[in-house]
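The values are calculated or read from the model by the stated rules, or taken from the named source; none is laboratory data. These numbers were taken from a predicted model, which means no experiment stands behind them. Quick reminder, even Gly has a Cβ in these numbers, built from the backbone with ideal geometry, and neighbours come from all protein chains shown. For accessibility, only protein heavy atoms count, side chains too; no ligands or nucleic acids. Shrake-Rupley method; radii C 1.70, N 1.55, O 1.52, S 1.80 Å.
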Amino acid sequence: LLEPNQPLYYGELASSYVSLALSFNKQKDTDNTQKMTDLAISTSQEAISLSPANNNLRRSQFGIYVMLSTINPNYLLNARNTLISAIAYAPTDAKLYYNLGLVDARIGQTDDAITTLQKTINLKANYTDARLALSYLLIDKKDYAGAKTQLEYILTKLDPANSLAKQDLSGLPAK
């Protein structure tokens, strides 16, 4: 490499290690799965240490942990921590909050997920995916009025043709 200490190279290499880890995992080769997983994590961390202000590297690391969570769901906690770190650098980035809300939902932190998705919507009112995700969590908590508010907002102000919102709204209990 001409510039071996470029963080981008480390980020790309970390993604390659993840692909290998997933491939070895499919083959039930636990030793090589673990080796590639460890290399993916350490290489991604090296990229961030070379350029700590580059939030795109944290986004990449988040993606790495999400992919690795198919091997071990505990990596979702690392993904969550990575997002929290990224938010510290970009506190108004709605997509970071949206992803944090999704991770919180996946790890069973429903109340945190709801709070985070509400924050996402406060940052970006026209974030359809965040409103849909929030409505699903509210439906799970039997807060049908809250879910209805989100779904109706999508249909009246964002996307009148949104088939998911229409379907979910029609499936809500009448109250």
Problem set entry | Surface accessible to a 1.4 Å probe, per residue, for the residues of region 44-144, Å² | 48 Å²
Exercise. If you project the alpha carbons of region 1-77 onto their three principal axes, what span does each projection cover, largest first, in Å?
Worked result: 35, 28, 12
Exercise. So, with +1 on the Cβ of K and R and -1 on the Cβ of D and E, and no other charges, what is the size of the charge dipole of the chain about its Cα centre, to the nearest 20 debye?
Worked result: 520 debye
Exercise. Given q = 0.12, 0.18 Å⁻¹, what are the Debye log10 I(q)/I(0) values for the chain, with equal point scatterers placed on the Cα positions and solvent ignored?
Worked result: -0.65, -1.05
Exercise. Cα convex hull of region 114-175: mean projected area in nm², to one decimal?
Worked result: 3.7 nm²
Seminar exercise, completed: When the charge dipole of the chain is computed with +1 at the Cβ of Lys and Arg and -1 at the Cβ of Asp and Glu, the Cα pointing farthest to the positive end, of Ser42, Leu22, Ile114, is that of Ile114
Problem set entry | Lysine pairs with alpha-carbon atoms under 14 Å apart, region 45-175, spacing 8 or more or separate chains | 8
Exercise. Local charge sum around Lys141 (other residues, Cβ-Cβ under 14 Å, Lys/Arg +1, Asp/Glu -1)?
Worked result: -3
Exercise. For region 76-147, what's the relative contact order in percent, using C-alpha pairs closer than 8 Å and at least 6 residues apart?
Worked result: 24 percent
Problem set entry | Selected from Pro7, Thr92, Leu137, residue furthest toward positive end of dipole (the chain; charges at beta carbon) | Leu137
Exercise. Contour minus end-to-end for Leu77 and Lys166, with contour as 0.36 nm per residue of separation and end-to-end as the Cα-Cα distance?
Worked result: 28.7 nm
